[in-house]
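Notes to accompany the following structure.
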Amino acid sequence: MVSIRSTAVVDTGTIRQSAEIRAERMVVSPAQVLAGIEQATLLKRLPVAADTARLAAFLASDGARTLTGAIVNASSGSWSSGWRCWPWAWPG
């Protein structure tokens, strides 16, 4: 079994909705919320659904036949999960 660990996949409805809710609470735009999440990653970019789909296709292929019991980190280097953990979301 192989698992994929991702971070906010920005082109999904769930993340867009979460960004809108967080933006309203923080009195910023949803784009600013997503930019903050993006800046909290080592690669300074967020994955899109196609990135995760390509990875899943590879992991299901013969090219990954020797991988077992692995968790593939596809989080763009996100250092944490959860809105409260990102510095741009800290109060004050």
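All of the numbers you see were taken from the coordinates with simple rules; none came from a lab. All figures in this text were calculated on a predicted structure; none of them were measured in a lab. All Cβ positions, even for glycine, are placed from backbone atoms using ideal geometry, and neighbour counts span all protein chains on display.
When you check S3 against the structure, is it more than 18 Å from A74 (Cα to Cα), hydroxyl-bearing (S, T, Y) and out of contact with any Phe, Trp or Tyr (no Cβ under 6 Å at 6 or more places or on another chain), yes or no?
no
List every residue pair whose Cβ atoms sit under 7 Å apart, with the two residues 6 or more apart in sequence or on different chains, where the first one lies in region 58-75 and is without any contact (Cβ under 8 Å) to a residue 12 or more places away in the chain and over 10 Å from S3 (Cα atoms) and the second, anywhere, is surrounded by 12 or more Cβ atoms within 10 Å (Cβ to Cβ) and among the small types (G, A, S).
F58/A64
In region 41-79, what residues are outside any loop (DSSP other than H, G, I, E, B) and aromatic (F, W, Y)?
F58, the sole residue that qualifies.
Taking Q17 as meeting all but one of (1) surrounded by fewer than 12 Cβ atoms within 10 Å (Cβ to Cβ); (2) in a loop (DSSP other than H, G, I, E, B), write down the number of the exception.
(2)
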